[in-house]
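So the structure is just underneath, and the comments pick up after that.
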Amino acid sequence: MQLSKSQSNKNSPLIHYNFSGYLKELLKMFFVFFKIGFVTFGGGMAMLPILERELAQKRDWTTFEDLMDYYAIAQITPGIIAVNVATFLGYKRLGVFGGIITTLGVVFPSLIVISIIAAFLSSIEHIPEVQHALIGMNIAVAAMLTKILWTFIKTTIKTWKNIFGIVLALLAFVAVAIFKIDSSILILIGALSGLSLHGIQILSKKRKERGQEK
């Protein structure tokens with residue numbers, strides 16, 4: 001099925017297909033998110049590099065900047081981050097049914113695997129090999145989260161000249177690490193700070209324009 005240039009725009013909230021094409025896209029998104037859910041370990045944040053590779057690099061369904069926005073929104077909305085992000089992505093590309101399908105796709109692998117593990121975990125968790133395997137998995141997840149942190153820093157704080165971003169990031173780190181402030185509160189404060197800075201920049205620009213006119 002061929003799409004027009006306007007239809008293939010990844011930033012379009014809903015791509016228009018005929019019925020059979022729409023069903024094919026729903027199935028495609030389900031299996032893509034099923035794969036993502038199956039190979040993701042370590043929670044929603046650990047899913048970010050996989051989402052970037054599968055959705056932004058391989059399929060051009062979104063951008064890394066959009067993923068960052070989805071993660072920020074998912075942090076302050078009820079529910080699991082990974083599920084919320086999958087729902088946002090599915091809805092943006094294929095509407096309501098897209099959101100439902102991607103949510104089911106990313107949840108099913110965990111449901112299947114956890115059901116199997118729960119049936120046998122009590123009988124194998126004391127085995128040394130299993131304990132060492134779990135430790136190794138935790139180390140791998142820690143490495144993935146470190147990579148994600150570095151990606152966040154490079155993307156959000158564009159250059160070291162961005163003093164506002166650096167100061168805000170340091171204050172947020174201190175608030176979480178030392179004062180144990182809830183992350184959702186910090187995200188809201190960050191959003192308000194960004195809006196305030198944008199407003200100040202607009203006012204400053206208008207003042208300069210008025211000064212030039214005089």
Inset, instruction - Compute the Cα gyration tensor for the range 60-214, then decide on rounded, prolate or oblate, letting a ≥ b ≥ c be the square roots of its eigenvalues: rounded whenever a/c is under 1.5, prolate when a/b is larger than b/c in the other cases, and oblate in all that remain. - result: prolate
Legend entry - Neighbour-count ranking [beta-carbon atoms within 10 angstrom, fewest first] of Met144, Met47, Met68, Met137: Met137, Met68, Met144, Met47
Legend entry - Potential lengthening between Phe179 and Ser204 on full extension [0.36 nm per residue; Cα-Cα distance subtracted]: 5.6 nm
Inset, instruction - With the cut-off at 19 Å, report for the range 157-214 the share of all Cα pairs above it, as a whole percent. - result: 45
Inset, instruction - Neighbouring Cβ atoms within 10 Å as the yardstick, rank Thr102, Thr77 fewest first. - result: Thr77, Thr102
Inset, instruction - First measure r as the distance between the Cβ atoms of Arg59 and Thr146, then evaluate 1/(1 + (r/R0)^6) with R0 = 22 Å and state the FRET efficiency to the nearest 0.05. - result: 0.25
Inset, instruction - Just flag the GluC sites (Glu not before Pro) in the range 64-137 sitting in loop per DSSP whose Cβ has no more than 16 other Cβ atoms within 10 Å. - result: Glu125
Legend entry - Cleavage-rule hits, chymotrypsin sites (Phe, Trp or Tyr not before Pro), the range 121-211, DSSP coil, Cβ neighbours within 10 Å at most 13: Trp160, Phe179
Legend entry - Neighbour-count order for Tyr71, Tyr22, fewest beta carbons within 10 angstrom listed first: Tyr22, Tyr71
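No value in this document is a laboratory result; all are computed from the given coordinates. Note that the structure is a prediction, hence the values are computed from the model and not measured. As a convention, Cβ positions derive from the backbone with ideal geometry for all residues, glycine included, and neighbour counts pool all protein chains shown.
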